[in-house]
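The values are calculated or read from the model by the stated rules, or taken from the named source; none is laboratory data. Bear in mind that the values here come from a model prediction, so they are computed numbers and not experimental data. So basically every Cβ, Gly included, is an ideal-geometry build from the backbone, and we count neighbours across all protein chains shown. For accessibility, only protein heavy atoms count, side chains too; no ligands or nucleic acids. Shrake-Rupley method; radii C 1.70, N 1.55, O 1.52, S 1.80 Å.
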Amino acid sequence: MELNSRSNRFVNRALFSYNRFRDFRDPFSRPFPTLEIAEDGITYTTLGHEPFSINNLVDQDVWQFMNNFSLFSGNHVLTFGTNFEVFSFNRSFNLFYHGLFFLPVEFGGTAFSSIDEFFEFTDPDSPNFRDFNAEVQEQLQNPFKFDETNVGQLAFYAQDEFSASENFSLTYGLRLDFPMYFTDLPRNRFSTTLTLLDENDRPETVDAGEFPGVKVLFSPRIGFNWDLFGDRSTQVRGGTGIFTGRLPFVWIGNTVSNQGPEAEFPSFDINATDTDFKWPQVWTTDLAVDQQLPLDMLGTLELIYGNDINAVFVRNADLGQPVRTLPIDGRPYFGGMGNNKLNPEFAGGVYVLDNTGDGHLFNLTATLRKRFDFGLNTSLAYSFLEAKNQLSSTETSSFLWQRNPVQGDPNNPEVSFSEFGKSHRIVGAATYSQRWSKSAATHFGLFLEIAQGAPFTAAGLRSRFSYVYVGDVNGDGADGNDLIYIPRNADEINFAPILDENGNVISTPGEQWQAFDAFIEQDDYLRSHRGQIAERNGAINPWFSDVDIRMLQNFSFNVGGQKHTFQLSLDILNVLNMIDSDWGVRQVPNSGAKSPLVFTGEFDENGAPIFQFPGIATETFLDDVGINSRWRAQFGIRYLFN
C-alpha cells in the first residue's frame, strides 16, 4: 500500500508492504539414509535419500514500512526518511534425520571408505550387517525439528541533493541502521560451562542463547556529478561512503536451531553469535569518466574499490591451541582426533559468528558504446576484478568453518581470493530493430561473453577453486580444509607405497613422486607456486566464450477498434556450439585434481606428514559435459497489452 502527497515545497511517499513466502520440498525418495561411498579418499557416489530435502520447509513473512519526505529549498532537495523491516522465518531443516552421513560407518555414520566396506555392512549375511530400513523406521517415531527466527532492521537517514551549478551537483547524507533480534532464547547453560578460546587464543565464555544487543551502524556517504564543459562531452562522477548490508539469515537461524545436546531438539554442534557481532559493512569508493569520442562513440572508464569494515567469518571456539608446527611448510598442527578439542567430552564444535575487517574488492571497467542511425546499437566492455575475503560463504555456519580451505589456523583464515567473479571479462552486445509497417517489427540481438573463470552454478561450479589434501593434515578435526604444500623437489614430500588388497606394491614412493611432479608441471598455478602453500581459491578456471542470439517478431492487428500485439521469440544460447560441436565447450577442474594428495594419517620420524598420490587425475581440467557446454534453443510467444 502506497500513499503519496505533494505540494510546491515538498513531496512525501509512504509505503507499507507485506510479503509472504512458503517454500518447501517434496522429495521423490522414500525415507532412507544417505550413503556415501569413497575409494582412496575420494567420494565417488552418493545413494539413498537426498538429505537436504527431509521435511525441508521455510515460511517467510516480511513486513516493511518506509516513509520519505523531500523538501525543496532553492538549490537543495533535502530528504528525511525511515525504513523498518521485520523478517520472520519458521524453518524446518532435518539434515541428519536419517543418519550422520558424514561419519564413518564404524562410528555409527553412513560414510563408507571403500566399496568393499559398503558390501560388508549391507550384506545380510555379514556379522557387521546394518539394517538401514529398520533404523529409519525407528527414527520416524521422532518429531521433525522446527525453529522460529525473527529479526528486524530499523533505519533513519537524511540526504541533501545540492545543485551547486548547472554542471555540478553534490549529494551527501548519513544513514543509521539498527539491526534487531526479536527471537528470545533461554540462557544456554551448557555452552557457558565449556572451556573456550577466541580467535586470538584468549579464554572466552559463549552463551549460545544470547544475541547481540542493538548497535547503531553509521553509513556516511557523498557523491558528485560534474559535467566538465557544460555540454555533456566529458562527465566525471563518483562517490565514497559506507554501506550496510544484510547477512544470510540462515546463519542466524543456525544459532536458533543448534543449541547443543541439552536443547529441546538436541544438536551435534553448537552455533553462537559473538555478542559484539555487527551486520556487514563495506567502505566503497567509485570514480568514473564518461567521454564523447570521435565517430560518435561514448566511452566510459570506471574504477570501484571496496574495503570490508565488518565482514563475516566463523571460528570454532572449541579448537585448542597448536601443539607444534609441521616441518617443511611450517603450518600449525592441532593434535589430531582426540587431542584438538578443549572439551573432548563434547563431540561437536562451537561455531561462533564473528566479524573481521580484512577483505577488499577492486574493479576496473572500460566501455565503448555507439548508436547508428539505421537502428543498430552496439557496446563492448572489458572488466578486471580482484576480490579477496576470509571465507567461502555458501554454506551453513558450521560448514563455513569446516569447509573453508586454510593455510594455517582455521580460526584466523588468511585473506585470499573470493570464489566468485571473473578476473577478466569481455562483454559485447549488438541490437538491431526494423519496423516493416505499423503492424510488424523485427528485433535482433547478439550477445558475447569471453571471460576467465566460470559462472556460479548450483552444482558447485565457481570461478576459482582450491587445492586441498584428502584428510586432516593440520589435525584441527576437519577433513579436506587444508591447502596443499607444493613441493619444489622430492625431498619436500613423503610418500608411502600404494598397496593392492593382497599387500602387493602397485606404486612406489619414487613412482608417485614422478607422477605428482608431472601433475604439478602441467598445471600453471601449481608450477608457478612451488615451495609455497597453495592459496585459497588461488587457481582459476580457464577462459571460455559464449555467444547468444535473440530474435523477436511483433505482429499487430486491430479487432473491434482494439490493437492486439503478439510477439514470437527465438533464443539460441551458445550458438557457436550449434555451428561446431568443438566450439563453445567449457573446461572445469577434475574433482580428483582439486584433491590430489591423500594423507595417510601417519608422520615420519621428523613429524612430517606422509601422503599417497593415487594419480586419479593426470590433468587439472577436463571438458564440461553439462548444459553450459551445449547449445540450446527456446521458443516463446507472448501477448503485449497496449
Mind computing the radius of gyration and Dmax over the alpha-carbon atoms of the chain? Å is fine for both.
-> 29.1, 93
What are the residues whose amide H is under 5 Å from the amide H of I484, where those residues sit 5 or more places off or on another chain and H is modelled from the backbone?
-> Y467, V468, Y469, A534
Using a 1.4 Å probe on the protein chains only, how many percent of the accessible area of the chain belongs to carbon and sulfur?
-> 56
Give the relative contact order (percent, whole number) for the chain; include only Cα pairs under 8 Å separated by 6+ residues.
-> 8
For segment 570-582, just list the computed ³J(HN,Hα) in residue order, Karplus coefficients 6.51, -1.76 and 1.60, θ = phi - 60°, integers in Hz, with x standing in for Gly and Pro.
-> 9, 10, 10, 9, 6, 5, 4, 5, 5, 6, 9, 5, 8
Which of the lysines could a cross-linker span from K563 if the Cα-Cα distance has to be under 20 Å and same-chain partners fewer than 8 positions apart are dropped?
-> K438
For segment 385-402 and segment 107-179, write down the distance between their C-alpha centroids in whole Å.
-> 13
Quick one: which of 425-437, 92-104, 509-521 comes out on top by average Cβ neighbours within 10 Å, and what's the full order, highest first?
-> 92-104, 509-521, 425-437
Here, E135 and H360, labelled 7 Å along Cα→Cβ, have an inter-label distance in nm of 5.0
Which lysines have a Cα less than 28 Å from the Cα of K422, not counting those fewer than 8 places away in the same chain?
-> K370, K388, K594
Using amide H atoms built 1.01 Å from N in the peptide plane, name the residues 5+ places from S507, or on other chains, whose amide H lies under 5 Å from its own.
-> I498
Sorted by chain and then number, the residues having a modelled amide H within less than 5 Å of the amide H of V323, at least 5 places away or on another chain, are Y333, F334, G335
With Cα atoms, 0 to 90° folded angle of helix 509-522 axis to the chain main axis | 10
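So what is the 222 nm mean residue ellipticity for the chain from helices alone, if each DSSP H run of at least 4 adds -39500 (n - 2.57) and you divide by all residues, rounding to the nearest 500 deg cm²/dmol?
On the way: 9 runs with 63 residues, N = 642.
Calculated mean residue ellipticity at 222 nm is -2500 deg cm²/dmol.
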Using θ = phi - 60° and the Karplus curve 6.51 cos²θ - 1.76 cosθ + 1.60, what whole-Hz ³J(HN,Hα) does each residue of segment 407-424 get, with Gly and Pro shown as x?
-> 8, x, 7, x, 8, 9, x, 6, 6, 8, 5, 6, 6, 9, x, 9, 4, 10
If contacts are Cα pairs under 8 angstrom and at least 6 residues apart, what is the relative contact order of segment 371-501 in percent?
-> 23
In whole angstrom, note down how far apart the Cα centers of segment 68-91 and segment 199-227 are.
-> 22
By per-residue mean of other Cβ atoms within 10 Å, what is the highest-first order of 346-352, 440-446?
-> 346-352, 440-446
Percent relative contact order for segment 531-631, counting Cα pairs under 8 Å at least six residues apart, stands at 26
Cα-Cα pairs of segment 365-507 separated by more than 24 Å (percent) | 59
Surface per residue (accessible, 1.4 Å probe) for the chain, Å² | 51
Please state, to two decimals, what the Cα-based radius of gyration of segment 410-462 comes to when divided by 2.2 N^0.38 Å (N = residues).
-> 2.03
Straight-line reach check, K215, cutoff 14 Å on alpha carbons, 8 or more apart in-chain or any other chain, hits among aspartates and glutamates -> D177, D274, D276
In whole Hz, what ³J(HN,Hα) sequence does segment 27-35 give by Karplus (6.51, -1.76, 1.60; θ = phi - 60°), x for Gly and Pro?
-> x, 7, 7, 7, x, 6, x, 8, 10
Inter-centroid distance (Cα atoms) of segment 35-57 relative to segment 485-512, Å | 30
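So how do 550-556, 390-396 stack up, highest first, on mean other-Cβ count within 10 Å? Kindly include the intermediate steps, with their values, before the conclusion.
On the way: 550-556: 15.3, 390-396: 19.9.
In descending order of packing, they fall as 390-396, 550-556.
Let me check something: with ligands and nucleic acids excluded, how do R232, R464 order by accessible area (1.4 Å probe), largest to smallest? Show your work: numbers first, answer last.
Numbers: R232 165, R464 35 Å².
Accessible-area ranking of R232, R464, largest first: R232, R464.
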